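Have a look at the structure below before the remarks.
The values are calculated or read from the model by the stated rules, or taken from the named source; none is laboratory data. Everything numeric in this text was worked out from a predicted model, so none of it was measured. Positions of Cβ are backbone-derived with ideal geometry, glycine not excepted, and every protein chain shown enters the neighbour counts. Calculation scope for accessible area: heavy atoms of the full protein, side chains included, ligands and nucleic acids excluded. Shrake-Rupley method; radii C 1.70, N 1.55, O 1.52, S 1.80 Å.
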Amino acid sequence: MSDPTALPFAFPAVRGKKLTAAFDGGRLTSDGGVLLLAQAARRLAIADRLAAVIPDRRDPSRIVHPLAEILLARILAIACGYEDADDLDHLRADPAFKLACGRLPETGRDLMSQPTVSRLENAPTLRDLIRLGRVMVDLYCASYAAPPASVTLDIDDTCDVVHGQQQLSLFNAHHDERCFLPIHVYDTATSRPVAVILRPGKTPSGREVRGHLRRLIRAIRRHWPTTAITIRGDSHYGRSEVMDWCEDNGIAYVFGLTGTKALAGRIEEVADAIRVECAIGHKEAVRGFAETTHAAKSWRQTRRVAARIEATRLGLDIRYVVTNITTGTAEWLYADLYCARGQAENLIKLHKTQLASDRTSCRSARANQMRLVLHTAAYWLILCVREAIPQMHRLAGAEFATIRLRLLKLGARISETASRVRLAFAAACPEAGLLRDLAGALAPAPA
C-alpha cells in the first residue's frame, strides 16, 4: 500500500512541536463507507444484471477480472466521486474497494487498472447498449414491490458540453456550445431514473421522441401491463407524432405548448379581466387560469389546452400546456400536474453535477452511452442508500454530495487476519449510529 518513493512533508509546528506527514499509513482507506454501496449493489444485483447482457469476448484462459467485478468497481468509484477511469490506477489497491468487490484487502489480488476499464467502456456494440438500457428499465420496474396503479414519467434533455470532435456532438446555437443533448427520463415521485439516452446536440424531432417513447413504454409494459402511465415534458416533446402515438396506445400526456395568436385570441377575455384586476387594484401580480381547445395545422384533431395567465407591472405572461387528460381543472393541470416536472430538472442536476454524468469525453458515441449507463447505476446505489435512511433522520432527503461526504468518505483502518477482516472507523465519526443502522438495513436477506 505505501509508496516508498513519496517524500514526507511538513505542516506548521504546533506548540513548539514539529509536524510532519507522509503517505505511509498502510492499510488505510478514505472511503470506508463504500461498503454500504457494495451492500446496495448486491441487493439490486446491478453489476450482475449489466454483465449478463454484455458478451465477454476475452480469452477465458486469460481472464483475471470478471466482467461483473469490473463494472462494480467502476460504478462504486463513480458513486464515491472518482468519475475518471484512471482513478482506478490508485483505487485498485484500496482495501475498502477490494472488500467491496469481494476481494480480501491484503491477500487478495488488486483490482483492475484504467486500461481494463477503458476497454470495457468501448466494448459494447449497439445491440449490447440497447440491452443495457432495458436492464435499467427492468431495475426501475423491480424497485416497486408490486405494479403501481399509475406512474408519471418526466422526459427532458440537458446540455452536455463537449471539447473535441466526439461522435454525435453538434454546435447548438441556443446553448452556444458544441454539445450532446442526452434525454433523461425519471419517475420524479420516487426520484428513480428510468432511462438516459445519448443523442446529438440538437432539438429532438417528433419522430425521434416517438421512437424513444415507444421502446421505453414497451419495456415497461412487459412488467406492468395495466399500470396507467402519464408522460410529462416541455414543448420540445409536444409534437404531433408523440401525441398521436400516446393517444393510440392509451398513454396520458401533458406537454408544454408554444403560444400562438389563435390561442391568445381564445383566452383574451380571461386575460383581459386579469390584466384589469392587476391595474385597478395596483397589485404586484395577479394569476389566473383558463381552458380552451386548439387544433394546430399539424394536428389530426382538436385537443384540450390549459393556460396560466399572469399579469404583473411588467406586462402579461401566458404559458400553455396541451393534454389528453379530460379530468381536472385548468389550474390543477398546470399548477399541480405540469409544474411538478420541475423536480426532474433537479434530478438531472444531481446526475450531472454530483455524479458527473456529463463526463462523456470518449471519442466513440457507444462508449459515451456506456458511461451514461454506469453513472446511472451509481445513481441507483446512492439512491438505495438514501432510501434506507429513516425518514426522521436529517439525511433522509439529503443530496448525493451530502450523503457521500457524511456516509461514504469515512477514514478507516483495515486489518486482515487468518479468520476475519476488521474495519476500524474513527471513534469521533459523527454518523456512527446511522452507519451501524444502515449496515443492518442493507444487509442481504437470509437465504
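Details
- Contacts under 9 angstrom Cβ, first residue in the range 6-23 being within 25 Å of H90 (Cβ to Cβ), partner aromatic (F, W, Y) and not in a strand (DSSP E or B), 6 or more apart: A6/F23; P8/F23
- Tabulated pairs, the range 189-212, first at positive phi, second in a helix (DSSP H, G or I) and crowded, with 17+ Cβ neighbours inside 10 Å, C-beta under 7 angstrom, 6+ apart or interchain: S191/L347; S191/L383
- Where Y334 falls short, out of the listed (1) outside any helix (DSSP H, G or I); (2) open to solvent by less than 90 Å² (accessible area, probe 1.4 Å); (3) in contact (Cβ under 8 Å) with a residue 40 or more places away in the chain: (1)
- Boolean, I403 is among the hydrophobic types (A, V, I, L, M, F, W, C), free of Cβ contacts under 8 Å to residues at least 24 places away in the same chain, within 25 Å of F425 (Cα to Cα) and touching a helix residue (DSSP H, G or I) at 6+ places or on another chain (Cβ under 8 Å): yes
- Number of the condition not met by E277 [criteria: (1) open to solvent by 40 Å² or more (accessible area, probe 1.4 Å); (2) closer than 26 Å to T188 by Cα; (3) among the charged types (D, E, K, R); (4) touching a strand residue (DSSP E or B) at 6+ places or on another chain (Cβ under 7 Å)]: (2)
- Yes/no for F171 being open to solvent by 20 Å² or more (accessible area, probe 1.4 Å), of a type outside the set (D, E), in contact with a strand residue (DSSP E or B) (Cβ under 7 Å, 6 or more places away or on another chain) and at pLDDT 90 or above: yes
- Pair list, Cβ under 6 Å, 6 or more apart: the range 26-39 residue of a type in the set (S, T, N, Q), other residue part of a helix (DSSP H, G or I) and crowded, with 24+ Cβ neighbours inside 10 Å: T29/P95; T29/A96
- Scope the range 91-143; condition open to solvent by 30 Å² or more (accessible area, probe 1.4 Å), among the basic types (K, R) and either touching a Cys at 6+ places or on another chain (Cβ under 7 Å) or free of Cβ contacts under 8 Å to residues at least 60 places away in the same chain (or both); matching residues: R92, R103, R109, R119, R127
- Candidate set: the range 250-270, residues that are more than 37 Å from the chain's Cα centre (by Cα) and under 14 Å from A330 (Cα atoms); chosen: the one surrounded by the fewest Cβ atoms within 10 Å (Cβ to Cβ): V270
Here is a yes/no grid of residues against (1) touching a residue at least 60 places away in the same chain (Cβ under 8 Å); (2) surrounded by 17 or more Cβ atoms within 10 Å (Cβ to Cβ):
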| residue | (1), (2) |
| --- | --- |
| R300 | yes, no |
| R303 | yes, yes |
| A307 | no, yes |
| T312 | no, no |
| G328 | no, no |
| A340 | yes, no |
| D358 | yes, yes |
| L381 | yes, yes |
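- Hits in the range 145-171 (condition: within 30 Å of H223 (Cβ to Cβ) and assigned to a strand (DSSP E or B)): S150, V151, T152, L153, D154, I155, D156, D157, D160
- If you check A356, A401, A344, A377 for being closer than 30 Å to V321 by Cα, under 18 Å from the mean Cα position of the chain (by Cα) and either modelled with pLDDT under 90 or not charged (D, E, K, R) (or both), only one passes: A344.
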